[in-house]
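In what follows, a structure is listed as structure tokens, so that the remarks can point back to it.
The values are calculated or read from the model by the stated rules, or taken from the named source; none is laboratory data. Note that this is a predicted model, so its numbers are computed, not measured. Don't worry about glycine lacking a Cβ; one is built from the backbone with ideal geometry, like all the others, and counts go over all protein chains shown. The area values use the complete protein model at the heavy-atom level, side chains included, leaving out ligands, DNA and RNA. Shrake-Rupley method; radii C 1.70, N 1.55, O 1.52, S 1.80 Å.
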Amino acid sequence: MGNGKITVVGAGNVGATTAHIAASRKLGDIVLIDIVKGLAEGKALDMAEAGPVQGYSCKITGTTDPGFASGSAEASWAQAQDSRIVVITSGLARKPGMSRDDLLAKNVQIVKEVSEKVAKYCPQAIVIVVSNPLDAMVYVASKVTGFAKNRVMGMAGALDVARFCHFVATELNVSSEDIRGILMGGHGDDMVPLPRFTTVAGIPITELLPKETIARLIERARKGGIEIVDLLGSSAYYAPAAGVVKMAEAIITDSRGVIPCCAYCQKEYNVGGYFVGVPAVLGKNGVDKIVELKLNAEERAEFDTSVSHVKDLVAKVDKLL
Ligand code: NAD
């Protein structure tokens, strides 16, 4: 069906939810891969059986990668061939008391192994990384696949800004559909929501809310991930999966949507060759353009702090790869 075939690696909470939302959006056929025997097959079949009720009929295939030691991933990964997009959600997720950075060593190995498979079986695909710590994992996927930088990106900003917009809508008691926001920096507690560029039906929230209220909502957005972890005991997945599908849809439909995502910046914002959260135009080639905003001194300082954290993580990754 269509040319929007999506392979989702990791059939856990984020991966399965991504597959289900993508099926509901009728973007194309879906392949779900996991290393746990039967998990991807079971969830794929369950999702396919929801098709007649929900009104989608794309092909949804689940397959088990029997593990890297066995060297027999061929059969499962052959299903992924010709994917337009590969979403990498495989990896450990946070438990209460953990930071995203605590996942680094284990997830570097998982994302590295998966990226090798992506390069081999899906050499034309566009890669959206979700595994944490996000900005570092995007770097791993880029380095290991060797794909052009515009074809590798990470999902975080779409989620983080959605959280911020939800909090703004609740505070103002208006429809969240009327809120647009921009958020920059790494996917950590030092992410940078930008109130000057967050609007309600075109009105900046700086005109609508007092400074202290905005500061409180920013703080809640920054801690939005851990708020869910503390409630659920595991990390969020409905909003993260919605963020992934929003990005995938912009690419598959070539809509050129402007979405905050983790994209490669060289001279943009003087980042100097790292993947960090920035507003980007997404279309058929992946990241088509980074939108460069004129940041004021305070915003610039917060962005630089967040980027320096990403640079530290990348230095740690280089020692692990
Ligand atoms: P989960 O534990 O529910 O699912 C992860 C799945 O990956 C498991 O089913 C596991 O078996 C599978 N897996 C592990 N190694 C694999 C491999 N080599 N190949 C295929 N599958 C493999 O976790 P989750 O809640 O879905 O989270 C997944 C990742 O996404 C975590 O690292 C989490 O921190 C991250 N995350 C990121 C964001 C974001 O905004 N970027 C948001 C939420 C979660």
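D34 contributes an accessible area of around 20 Å² to the protein surface, as traced by a 1.4 Å probe with all chains present.
Rounded to the nearest 10 square angstrom, Y264 shows an accessible area of 60 square angstrom against a 1.4 Å probe.
Using a 1.4 Å probe and counting only protein heavy atoms, arrange L232, L159, L172 so the residue with the most accessible area comes first.
L232, L172, L159
How much of the calculated P(r) for region 26-97 lies past 17 Å, in percent of all Cα pairs? In whole percent, the share of Cα-Cα pairs in region 26-97 beyond 17 Å is 51. Spatial offset of region 270-309 relative to region 109-123 amounts to 26 Å, using the alpha carbon center of each.
In the chain, the DSSP beta bridges split such that about 50 percent are antiparallel, to the nearest 5.
Placing pseudo-labels 7 Å out from each Cα toward the beta carbon at A215 and K284 gives an inter-label distance of 4.9 nm. Comparing F147, G157, M191 along the charge dipole axis of the chain, the residue lying farthest to the positive side is F147, per the Cβ-charge model. The alpha carbon radius of gyration of the chain, expressed as a multiple of 2.2 N^0.38 Å, is 0.95.
Peptides 94-101, 194-201 ranked from most to least packed give 194-201, 94-101, packing being the mean of other C-beta atoms within 10 angstrom over each peptide's residues. From its DSSP helices (H runs of at least four residues, each -39,500 (n - 2.57)), the chain gives a residue-normalised ellipticity at 222 nm of -14000 deg cm²/dmol. In terms of distances greater than 32 angstrom between alpha carbons, the cross-link table entries K112/K223; K112/K211; K211/K316; K5/K319; K143/K289 yield K112/K211; K211/K316; K5/K319. Assuming charge only on the beta carbon of Lys and Arg (+1) and of Asp and Glu (-1), the dipole of the chain about its Cα centre is about 520 debye to the nearest 20. Phi-derived couplings, Karplus 6.51 cos²θ - 1.76 cosθ + 1.60 at θ = phi - 60°, listed residue by residue for region 97-109: x, 9, 8, 4, 5, 4, 8, 3, 4, 5, 6, 4, 5 Hz, with x used for Gly and Pro.
Within the shell defined by Cβ-Cβ distances under 15 Å, the residues around K26 carry a net charge of +3, with Lys and Arg each +1 and Asp and Glu each -1. When only alpha carbons are used to place a centre, region 171-212 and region 32-101 end up 34 Å from one another.
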